[in-house]
Amino acid sequence: MATHAHTLAAIAERFGLNLRGDHAVTISGVATLARAGADELGFLANPRYRSELAGTRAAAVVLRESDAESAPCPCLIATDPYLAFARIAALFDPHPAPAPGIHASAAIDPTARIDPGAHIGPFVSIGARSRIEAGAVVGAGCVIGADCVVGAGSELVARVTLVVRVRLGQRVLVHPGAVLGADGFGLARDGAHWIKVPQLGGVAIGDDCEIGANTTIDRGALDDTVLEEDVRLDNQIQIAHNVRIGAHTAMAGCVGVAGSTTIGRNCMIAGAVGINGHIEICDDVVVHAAGVVLQSITQPGEYASGTLLQDHRGWRRNAARFKQLDEMARKLHTLAKD
Amino acid sequence: MATHAHTLAAIAERFGLNLRGDHAVTISGVATLARAGADELGFLANPRYRSELAGTRAAAVVLRESDAESAPCPCLIATDPYLAFARIAALFDPHPAPAPGIHASAAIDPTARIDPGAHIGPFVSIGARSRIEAGAVVGAGCVIGADCVVGAGSELVARVTLVVRVRLGQRVLVHPGAVLGADGFGLARDGAHWIKVPQLGGVAIGDDCEIGANTTIDRGALDDTVLEEDVRLDNQIQIAHNVRIGAHTAMAGCVGVAGSTTIGRNCMIAGAVGINGHIEICDDVVVHAAGVVLQSITQPGEYASGTLLQDHRGWRRNAARFKQLDEMARKLHTLAKD
Amino acid sequence: MATHAHTLAAIAERFGLNLRGDHAVTISGVATLARAGADELGFLANPRYRSELAGTRAAAVVLRESDAESAPCPCLIATDPYLAFARIAALFDPHPAPAPGIHASAAIDPTARIDPGAHIGPFVSIGARSRIEAGAVVGAGCVIGADCVVGAGSELVARVTLVVRVRLGQRVLVHPGAVLGADGFGLARDGAHWIKVPQLGGVAIGDDCEIGANTTIDRGALDDTVLEEDVRLDNQIQIAHNVRIGAHTAMAGCVGVAGSTTIGRNCMIAGAVGINGHIEICDDVVVHAAGVVLQSITQPGEYASGTLLQDHRGWRRNAARFKQLDEMARKLHTLAKD
């Protein structure tokens, strides 16, 4: 697509990068080092892929100064090649903005307010008193209940549910299958039976947040469940009621956070981590993959739990010994004293 | 909303609670101790929040007898404040029951039977021979396949799928994105390839069950997958084919239960627990967060597995040693004998 | 249903099984040993159920030669009774193929191509340039974005989303709630904020794959996310961008695979396993339930991690000792030297 072609010089200037080599090279797409063709820009950010540099057929490569001399082609020098690449790649993203307007099939409550600059796709339903702001996109099959807000420039890609009292800030991106504002899991025991605790709060999502596919965020029991600005959640995450997540915190797939827990700013929660309810995690915490956080974390740093993978037979022997670990420690203590 | 205001005396009488202080106080909502305003009722159930009692601006507080003297306001005395609060809060839940009737857009098989007292929302499809009973609510975007039953007073909030042969009892509540009755994961190896084992059973859900958002419950291979009455499942749970869960058992988010396992009554399964297939868990079992249950449990009690979170560097050293644990135990045994 | 009745002799001949006992017995359904009635065929594959053989009321049983003499009824002898049963059961699966045609409510882009032999259900939307091939079924509420392909004979059961650039091979089966082709989770840090890395790749799913309910498969950042032929994924699985899964590999529910990881052919990944990003797992690997795979696996075999469930009090003591494990090992080493 010629309309997307840019000279290397133009790209360098636009993103403030140093260019080494032929300025006139034309770039019409981006690709990995291994697969880039003669009109494509590659990048080298992760040292794991350094061995692919010499053999690349890319028209040019974005990389660090220190890797430039190994490149067989023109280079764009960046202190953070991944960040530079992210910005450049956006030039080549064919994602077209859907046209404003309301699809004829949409079922919209008469008390809902839809900005004329918003896009409402087919088979969307929107409940009482909800508001869709300018430039927002509500894709096919979304269900928006009562008293919700989709802020300006936000996008619900498709089949997203905002159950009730969910307020999204601006430029929030929500992927298909996500469910925001479902009942928190609140139960009280009444003799032999459970009775349901009404969930009267809502969900408040800050500007620039991203919510992954099939992720669920329950609404609060009394107060809101809150994501501050620029929180990034991957797919299949469960955020229980009354959780609060600080700005710029990111969570990878399959994380679960139990109710009423507060997580700080700038945290990185790796995949499949489980976080207990009613605890606090301070700012700048990293939890490694599949870690289980049972208690509050009060110091920034990196944390982990679990054991390492090994062959099944060896694992069985060691796992059996784990059950004797306290006994082993006592025996060892006794021996050391003798 | 004046229509929702109640005097403290009326609330005390309705729920059989002792009132200490001004009977004429008017309550128009419920809130946490920290945020309750001058016309709202707070509650103190979890001792973790006791420090918030003295400073609350609530009109009144529901609490235990032993906490009453520290309250700066009128009190409703309850032996179980959380239960009392759950009941009182329901007075203030604005959730309106949708009106009976079938939305014009719904696609309903001519052989399906819809009770005139049921509500069918927009973009709902209902398959052959399925039955929606009186007072049931089928929210926007639900897909109900063939041979399903939605019992009286049950609610599918929105975008729920009942694939085929799914029978819900009365007053069952299913949250958005849940999928009940999909094919169980049955495969037989045929040389190099898999062949699919037909899944001919269904799903039977007892009265008063609750199924969380994006939870999945597969239908049985031959017999049904069964939830007895009053089973409570949180979000993102996976229940495989032919599982049977006993009455009043509750599971928190992200639990997975593999095929053909039977779980007893009154069990509490915490978040992110994994339960193996083809095992039995007896009544009154508690499994703590992220526990992995590989074998049957035959005694009531509390169970756990896993290791505790620690700093990443320390964890790496200990995790490396876990692989030597059996060897350590043998060495220790030898030393102790010498 | 008389139309589904078959004589035992006909079944034996059709599937190449030896018949022991009355050839004229008529079979009108399949069931478990415990519940089979007088016109139903039972099966014994898992030795766990051998004790149910003597008491079965089944008309006949599929089993191994070695179990035949204990059967109280005619037998079909199979070297792999589970496989034989899977094939026979398909005779009794009432699943009717939906009629070709496009439901009147469907919203289809004028540039999409729908084969006249495909079935498009109610409330389906299909985007620009997408193609639905002969015999494909797109069930109620599915959303198919731009530039997708649903190959011949494939089925999207209901409420499946193919976001963009998702290409399914032939006879692919996708269960409700699955989301294929959502944005991969690519973020670059720009000072205090995250910026999104454009996700320009797609998803390529080979012939005969099966994707479970509410499973998510993100599209690649640059190249595609790839499932080779006959890959079988259960429910609630998360496959991140640029993952590649080899032919005939099967994964049970709740597995998570982080980005850019390659998994070999014929692997079996049990439930709730977590697999790190940027690693490689070779062919013929089995990972046991809830295992966490942090590093590449280069040898076929069975692997596991984690600890075993025990009573909560005992577990707490042992888990506390795990934090001292390296110290214990050092102390033991010192003692052994003395």
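Side notes on the structure shown:
- Calculated label separations, residue A:300, copies of the chain, 7 Å along the beta-carbon direction, nm: 4.9, 4.9
- Distance between modelled label sites at residue C:189 and residue C:317, nm, 7 Å Cα→Cβ extension: 4.3
- Of all DSSP bridge pairs formed entirely within the protein assembly as shown, close to 15 percent run antiparallel.
- Label reach from residue C:338 (point 7 Å along Cα→C-beta): in the stretch A:324-338, amide nitrogens under 19 Å belong to A:328-338.
- This ranking places A:249, B:262 by how few other beta-carbon atoms lie within 10 Å of each, fewest first, which gives B:262, A:249.
- Under 5 Å, built H, 5+ apart or other chain: amide partners of residue B:303: B:286, B:287, B:288, C:312
- Net charge of Cβ neighbours under 15 Å - reference residue A:296; Lys, Arg +1; Asp, Glu -1: -2
- FRET efficiency, residue A:65 to residue A:7 (Cβ-Cβ, R0 35 Å, nearest 0.05): 0.95
- Counted by neighbouring Cβ atoms within 10 Å, the residues A:23, C:103 run from fewest to most as A:23, C:103.
- Shielding score for B:256-267, defined as the mean number of other chain Cβ atoms within 10 Å: 3
- D (Stokes-Einstein, µm²/s), Kirkwood Cα radius, the stretch C:2-90, 0.692 mPa s at 37 °C: 265
- Its Kirkwood hydrodynamic radius, worked out from the mean inverse distance over all distinct Cα pairs, puts the protein assembly as shown at 30.0 Å.
- Amide hydrogen neighbours beyond the local backbone of residue B:53, cut-off 5 Å, H modeled: none
- FRET efficiency, 1/(1 + (r/R0)^6) with R0 22 Å, evaluated for residue B:104 and residue A:113 via beta carbons: 0.45
- When chain B is reduced to its Cα atoms, the Kirkwood hydrodynamic radius in Å: 23.4
- Rounded to the nearest 20, the size of the Cβ-charge dipole of the stretch B:297-338 about its Cα centre is 280 debye, with Lys and Arg at +1 and Asp and Glu at -1.
- A simple rule links phi to the HN-Hα coupling: the Karplus curve 6.51 cos²θ - 1.76 cosθ + 1.60 with θ = phi - 60°, which for the stretch C:272-285 gives 6, 6, x, 10, 5, x, 6, 10, 10, 10, 6, 5, 6, 9 Hz, with x for Gly and Pro.
- Centre-to-centre, using Cα atoms only, the stretch A:208-278 and the stretch C:63-97 are separated by 48 Å.
- Counting Cβ atoms of other protein chains within 10 Å of each Cβ in A:133-143 and taking the mean gives 4.
- For the pair the stretch A:142-187 and the stretch C:166-192, the centres of their Cα atoms are 19 angstrom apart.
- For residue B:200, distant residues with modelled amide H under 5 Å away: B:222
- Computed P(r) (all Cα pairs; the stretch B:173-268; 10 Å bins; percent): 19, 50, 23, 7, 1
- The lysines within cross-link reach of residue C:331, meaning a Cα-to-Cα straight distance under 25 Å and a gap of 8 or more places when in the same chain, are A:323, A:331, A:337, B:323, B:331, B:337, C:323.
- Residues residue B:331 and residue B:283, FRET efficiency given R0 of 51 Å [Cβ-Cβ distance, rounded to 0.05]: 0.75
- Put a plus charge on the Cβ of each Lys and Arg, a minus charge on the Cβ of each Asp and Glu, and nothing anywhere else: the dipole of the stretch A:2-90 about its Cα centre is then about 180 debye.
- Basic side chains Lys and Arg get +1 at the Cβ, acidic Asp and Glu get -1 at the Cβ, and with that the dipole of chain A about its Cα centre reaches some 1100 debye.
- Nearest-first distances (nm) between copies at residue C:98, label 7 Å from Cα via Cβ: 2.1, 2.1
- If the convex hull is drawn through the Cα atoms of the stretch B:77-195, its volume per residue in Å³: 153
A short reminder: the numbers here are calculations on the coordinates, not readings from a lab. Small disclaimer: the values here were computed from a predicted structure and weren't measured. All Cβ positions, even for glycine, are placed from backbone atoms using ideal geometry, and neighbour counts span all protein chains on display.
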